[in-house]
Amino acid sequence: MTGYAGTKDDYLKRLRRIEGQVRGIARMVDEDTYCIDVLTQVAAVTKALQAVSLGLVEDHLSHCVVEAARSSDDAGQDKVREAADAIARLVRS
């Protein structure tokens, strides 16, 4: 079971909204919309994806990492390392 199972529908709704925003950006580029307006929409999509990412990290920590730590110290450490690596990838992006 995933850590986000309880909020899966919320994530899917947000991701569909983001998908629509991205299609809107493509349409803006196709219609030669002013650069700054396109960049404003790109920033909005980026922020929305960051919010999804932070929610997934929180869900992972509160469910997957906690459950692994309860099962054994080694499993807990593995999940913490995995989460730290994922967070590092998010920070670099």
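Every number in this text was worked out from the coordinates using simple rules, so none of it is lab data. Since this is a predicted model, take the numbers as computed values, not measurements. Here the Cβ positions follow ideal geometry from the backbone for every residue, glycine too, while neighbour counts run over all protein chains shown.
Within the stretch 1-11, which residues are out of contact with any Cys (no Cβ under 6 Å at 6 or more places or on another chain) and surrounded by 11 or more Cβ atoms within 10 Å (Cβ to Cβ)?
Scanning the stretch 1-11 gives THR2, TYR4, GLY6, THR7, LYS8, ASP10, TYR11.
Report, by residue number, each residue of the stretch 51-69 that is surrounded by fewer than 14 Cβ atoms within 10 Å (Cβ to Cβ) and either touching a helix residue (DSSP H, G or I) at 6+ places or on another chain (Cβ under 8 Å) or not in a helix (DSSP H, G or I) (or both).
ALA51
Return the total of residues in the stretch 1-38 being within 30 Å of HIS63 (Cα to Cα), out of contact with any Lys or Arg (no Cβ under 8 Å at 6 or more places or on another chain) and of a type in the set (Val, Ile, Thr).
Here the count works out to 2.
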